[in-house]
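A.B. asks: This is the structure I want to talk about, given as structure tokens.
The values are calculated or read from the model by the stated rules, or taken from the named source; none is laboratory data. On a predicted model such as this, the values are computed, not experimentally measured, just so you know. Cβ placement follows ideal geometry from the backbone for every residue including glycine, while neighbour counts extend to all protein chains displayed.
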Amino acid sequence: MKKTWRWFGPKDPITLSMLKQIGVEGIVTALHDIPNGEVWTLDAIQHRYNIIKDAGLEWSVVESLPVSEAIKCGAPERDRLIENYIQSLENLARVGVKTVCYNFMPVIDWIRTDLEHPLDDGTKTLYYDRIKFAYFDCHILQREGAAADYSPEGLAQVEELSKVITPDEEAKLIDTIIVKTQGFINGNISEGDKNPVELFKSLLKRYEGIDRGQLRENLVYWLKAILPTCSKYGIQMCIHPDDPPFQVLGLPRIVTNAHDVAWILNAVDHPSNGFTFCAGSLSASKENDVPQMARLFASRSPFLHLRYTTTVGEGDFMESSHLNPELIEVMRIFEQQNPAVAMRPDHGRDMLGDEDKGYNPGYSFHGRMLALGQLSGMLAVIQEELK
Ligand code: DNO
């Protein structure tokens, strides 16, 4: 497998020469400055491509070319946005970048409630607290019918939390869930947006009446529209699983388990319709047998995100060490079935001074470097075994 690294472009404080020094072979990046829905021009793509090439690296994967909300919810303007998307794909392919990650999560991409959860060894990790999230849903968004999605025991804990949470803590929770985790990935809400909660509520409204069946239809409509271009240029699209892989905020989520992934791959049964095998996202549901999913989908997954989670209590989870037996098995399966895959260490801990560098949440330097070192060691042993 190829060792890649998610790099956020020339403004990223982690430079390409730093990445060369730690054994990175390929770059995963996106033109984050271009607003969601606009065309990535040939010039802009070529410029970024050259920067990476001049550093002695290659642009291996686009993560992400974002799919606009109007495409996901099937709004009238979707055809125009699909045209733009196709244009961007064509431009990428002409420059030679042909593996493209995207997601089809309505309104909100990945969800965490705490970006600095302290561990005993002094490092910090990302955490999802189901009660804090339910508080956000029931008390902050005040979503109609929200209470029906939680157990009586969970709701009682939410009420307890509502008595002690301070205004600062509440503001931080909002910032974490809908701004900090979303802004840097061309999400719907960015740093500096006024009234993010109202903005978020208006986005939720767009999905009224859209269930899993309808969202699947919208995905297939879109996939079929881009397929001729993907097929012509040999572009491999790879959908990212929902993180976390379960239903949230009354929104449909359609990439949560083996059944969902198989459905999508069969709906458009073509090599251009692939999967981003994000072991960490999938592992956050106890129902997912992640190595088994790797056995099923490795051959259709050109892109591999390596990290894992530990479930805590009734449905919290946190990101665990990359040195993990399930991940070893996932890597072994990929080495056997799809050794050309581009892998990247996903989400590192904050450690050794990462905290004050302004890195995007989950994308620390030392934490990810440690992860890359661990994964490289695991890979070397696997490759030796398979000789
Ligand atoms: C978070 C990431 C996601 C991912 C997108 C792919 O760290 O895993 O934001 O990049 O969902 O489209």
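A.B. asks: Need the failing condition index for I131 against (1) more than 16 Å from the ligand (Cβ to nearest atom); (2) within 19 Å of P196 (Cα to Cα), just the number.
C.D. replies: It is condition (2) that I131 fails.
A.B. asks: Let me ask something additional. With free of Cβ contacts under 8 Å to residues at least 60 places away in the same chain and outside the structural domain of K98 (by TED's automatic domain parsing) as the only criterion, which of I264, I189, I178, I185 stands out?
C.D. replies: Exactly one residue qualifies, and that residue is I189.
A.B. asks: I've got another one for you. In this structure, does Q336 turn out to be surrounded by fewer than 18 Cβ atoms within 10 Å (Cβ to Cβ), among the polar types (S, T, N, Q) and touching a Leu at 6+ places or on another chain (Cβ under 8 Å)? Break it down into steps so the answer makes sense when it comes.
C.D. replies: Details: surrounded by fewer than 18 Cβ atoms within 10 Å (Cβ to Cβ): yes; among the polar types (S, T, N, Q): yes; touching a Leu at 6+ places or on another chain (Cβ under 8 Å): yes.
The answer is yes for Q336.
A.B. asks: Any residue in region 256-264 that is under 26 Å from E77 (Cα atoms), out of contact with any strand residue (DSSP E or B) (no Cβ under 9 Å at 6 or more places or on another chain) and part of a loop (DSSP other than H, G, I, E, B)? Walk me through it before giving the result.
C.D. replies: In the first step, residues of region 256-264 are kept if they are under 26 Å from E77 (Cα atoms); the result is 264.
From what's left, out of contact with any strand residue (DSSP E or B) (no Cβ under 9 Å at 6 or more places or on another chain): none.
So far as region 256-264 goes, no, none of its residues is under 26 Å from E77 (Cα atoms), out of contact with any strand residue (DSSP E or B) (no Cβ under 9 Å at 6 or more places or on another chain) and part of a loop (DSSP other than H, G, I, E, B).
A.B. asks: Give me the residue from region 235-257 that is in contact with a Gly (Cβ under 9 Å, 6 or more places away or on another chain) and within 30 Å of G96 (Cβ to Cβ) and, out of that set, farthest from the ligand (Cβ to nearest atom).
C.D. replies: Selected residue: Q236.
A.B. asks: Moving on to the next point. Just to be sure before I move on: is P35 on the phi < 0 side of the Ramachandran plot, at pLDDT below 95 and out of contact with any helix residue (DSSP H, G or I) (no Cβ under 9 Å at 6 or more places or on another chain) in the structure I sent?
C.D. replies: Considered against the rule, which asks whether it is on the phi < 0 side of the Ramachandran plot, at pLDDT below 95 and out of contact with any helix residue (DSSP H, G or I) (no Cβ under 9 Å at 6 or more places or on another chain), P35 comes out as yes.
A.B. asks: Just one of the numbered conditions (1) of a type in the set (D, E); (2) within 16 Å of the ligand (Cβ to nearest atom); (3) modelled with pLDDT under 95 is not true of E319; which one?
C.D. replies: Looking at each condition in turn, E319 falls short on (3).
A.B. asks: Kindly indicate the residue of region 336-378 that is part of a loop (DSSP other than H, G, I, E, B) and small (G, A, S) and also nearest to the ligand (Cβ to nearest atom) among those meeting that condition.
C.D. replies: Among them, the one singled out is G362.
A.B. asks: What residue, among those in region 311-333 that are of a type in the set (G, A, S) and out of contact with any helix residue (DSSP H, G or I) (no Cβ under 7 Å at 6 or more places or on another chain), is surrounded by the fewest Cβ atoms within 10 Å (Cβ to Cβ)?
C.D. replies: Ranking the qualifying residues of region 311-333, first place goes to G313.
A.B. asks: List every residue pair whose Cβ atoms lie under 7 Å apart, where the two residues are 6 or more positions apart in sequence or sit on different chains, the first residue falls within region 273-297 and is not assigned by TED's automatic domain parsing to the domain that holds V255, and the second residue, located anywhere, is more than 16 Å from the ligand (Cβ to nearest atom) and of a type in the set (S, T, Y).
C.D. replies: Going by the 7 Å Cβ cut-off, there are no qualifying pairs.
A.B. asks: Checking V158 against (1) within 21 Å of the chain's Cα centre (by Cα); (2) more than 16 Å from the ligand (Cβ to nearest atom), which single condition isn't satisfied?
C.D. replies: (1)
Let's see how each residue does on (1) more than 19 Å from S301 (Cβ to Cβ); (2) among the β-branched types (V, I, T):
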| site | (1), (2) |
| --- | --- |
| M1 | no, no |
| P10 | yes, no |
| L19 | yes, no |
| G37 | yes, no |
| I51 | yes, yes |
| E63 | no, no |
| S68 | yes, no |
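A.B. asks: Of the residues in region 278-294, how many are farther than 15 Å from N324 by Cβ and either touching a Lys or Arg at 6+ places or on another chain (Cβ under 8 Å) or within 16 Å of the ligand (Cβ to nearest atom) (or both)?
C.D. replies: Summing the residues that are farther than 15 Å from N324 by Cβ and either touching a Lys or Arg at 6+ places or on another chain (Cβ under 8 Å) or within 16 Å of the ligand (Cβ to nearest atom) (or both) in region 278-294 gives 1.
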